[in-house]
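Structure record follows, encoded as structure tokens.
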Protein chains: 2
Amino acid sequence: MRQITFLLVAVATVASVIAVTAPGTGHAHQEAAPIFVTEIPPGYRDWTLISVAHEEGNLNSLGAILGNDIAIKAYREGKLPFPDGAIIAALHWRYVGSEENNKVFGRSQSFIAGPPTNVQFMVKDSRKYATTGGWGFGHFKDGKPGDEVFMKTCFPCHAAIKHRDLVFTRYAP
Amino acid sequence: MRQITFLLVAVATVASVIAVTAPGTGHAHQEAAPIFVTEIPPGYRDWTLISVAHEEGNLNSLGAILGNDIAIKAYREGKLPFPDGAIIAALHWRYVGSEENNKVFGRSQSFIAGPPTNVQFMVKDSRKYATTGGWGFGHFKDGKPGDEVFMKTCFPCHAAIKHRDLVFTRYAP
């Protein structure tokens with residue numbers, strides 16, 4: 001009888017582990033796998049500007065960082081952490097010199113947004129994205145989400161900016 | 001009688017020239033002096049992004065170009081010339097390296113918006129700003145408009161982009 005009870009408990013435990021982990025990951029690890037943003041938040045192109053940035057090197061991008069109303073409100077009020085519902089979008093274009101502008105200026109000085117390279121998102125949902133600091137990360141190239149190997153690189157890098165709730169960009173007045 | 005008629009016509013002509021030119025300029029030149037934008041259009045910081053740009057050299061700026069609803073609609077529909085009421089804002093910040101970001105990336109690659117340097121506007125009103133291609137130009141540093149000598153440099157440079165209705169910035173998708 002003692003053996004049977006032990007077996008039942010063991011079976012029940014295994015079953016519940018499977019039930020908890022299966023929908024999210026298909027793995028039986030203790031820690032849940034990260035969830036990524038796989039759909040582009042609608043209307044992001046009309047959101048309010050947070051700031052701009054240029055990345056050299058492999059990225060070679062000129063970018064605009066936009067926020068939805070919840071994100072902008074938090075930024076302007078200086079509130080951290082960002083509340084659930086905040087979404088930050090980073091629009092990246094190739095960094096290219098503008099021959100057209102330079103001709104008018106009479107010197108090589110002007111760099112503008114070339115073809116779009118990708119759009120990235122951080123979506124705040126402290127429960128859904130609990131394993132990645134409360135932020136869901138998204139990356140879209142030609143409208144298609146980044147693969148899992150790539151997406152797993154987002155959180156470790158952003159985690160370094162923990163004192164600003166994982167957000168690199170500061171608001172530009 | 002002939003002489004009197006001539007005199008009356010002459011007086012009437014002089015009077016109408018004064019009436020036309022006096023309110024705008026105080027001069028009696030044939031060509032009206034340009035009118036500049038001397039008040040910051042309200043709410044511009046919430047307008048929609050058109051594109052981003054970096055200017056090297058003396059300007060050393062990172063910029064965001066925003067548009068009000070009329071300007072954005074014209075951009076998205078590819079309509080030229082811009083209709084009256086369109087306003088384009090160029091927000092400029094000093095172009096600075098981000099030590100904070102570079103530390104995380106492990107290399108010097110990141111340039112961000114530093115302190116704000118100026119905000120510039122192009123306001124379309126084909127009658128009011130007829131002498132400067134239908135656009136009123138505005139430049140504000142610390143909220144104060146640029147002086148007349150400086151402001152007179154805007155139009156000649158923008159006039160080189162006549163095929164795009166004097167607007168340098170293209171819409172970045």
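The values are calculated or read from the model by the stated rules, or taken from the named source; none is laboratory data. Nothing here was measured: the structure is a model prediction, and the numbers come from that model. Counting neighbours? That spans all protein chains shown, and the Cβs are built from the backbone with ideal geometry, glycine included. Ligands, DNA and RNA are excluded from the accessible area calculation, which covers all protein heavy atoms including side chains. Shrake-Rupley method; radii C 1.70, N 1.55, O 1.52, S 1.80 Å.
Summary table
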item: Farthest positive-ward along segment B:52-173 dipole, Cα basis, beta-carbon charges - from B:S61, B:G114, B:N102; result: B:S61
item: Protein heavy-atom accessible area occluded, A/B pair - total, 1.4 Å probe, Å²; result: 3400
item: Counting all C-alpha pairs of segment B:54-173, share separated by more than 24 Å (%); result: 35
item: Inter-label distance for B:V149 and A:K73, nm, one decimal - labels placed 7 Å from Cα along Cα-to-Cβ; result: 4.8
item: Sites A:E39 and B:A160 - FRET efficiency at Förster radius 41 Å, r taken between beta-carbons, to 0.05; result: 0.40
item: Cα-projected label distance for B:D125 with B:N58, points at 7 Å along beta-carbon direction, nm; result: 2.9
item: Long pairs among A:K162/B:K103; A:K79/A:K144; A:K79/A:K124; B:K79/B:K144; B:K79/B:K162, criterion Cα-Cα beyond 23 Å; result: A:K79/A:K144; B:K79/B:K144
item: Check: segment A:34-82 dipole with +1 on Lys, Arg Cβ and -1 on Asp, Glu Cβ, in debye; result: 200
item: Protein-protein interface of segment A:89-110, residues with accessible area decrease of at least 20 Å², isolated chain reference, 1.4 Å probe; result: A:W93, A:Y95, A:E100, A:N101, A:V104, A:F105, A:Q109
item: Length released on extending from B:L80 to B:V96, taking residue separation times 0.36 nm less the Cα-Cα span; result: 2.3 nm
item: Cα centre as origin, Lys/Arg/Asp/Glu Cβ charges: segment A:116-173 dipole, Debye; result: 200
item: Per-residue ³J(HN,Hα) for segment B:100-113, Karplus 6.51 cos²θ - 1.76 cosθ + 1.60, θ = phi - 60°, Hz, x for Gly and Pro; result: 4, 5, 4, 4, 5, 6, x, 7, 7, 9, 10, 10, 10, 6
item: Amide hydrogen neighbours beyond the local backbone of A:V96, cut-off 5 Å, H modeled; result: A:I112, A:G114
item: Mean-position separation - Cα centroids, segment B:88-156 and segment A:47-77, in angstrom; result: 17
item: Those aspartates and glutamates that a straight Cα-Cα span of less than 15 Å connects to A:K141, excepting residues fewer than 8 apart in one chain; result: A:E39
item: At least 50 Å² of accessible area lost relative to the chain alone, listed for segment A:36-52 with a 1.4 Å probe; result: A:R45, A:D46, A:L49, A:V52
item: Extension gain, A:V104 back to A:R170 (0.36 nm per residue minus Cα-Cα distance, nm); result: 20.5 nm
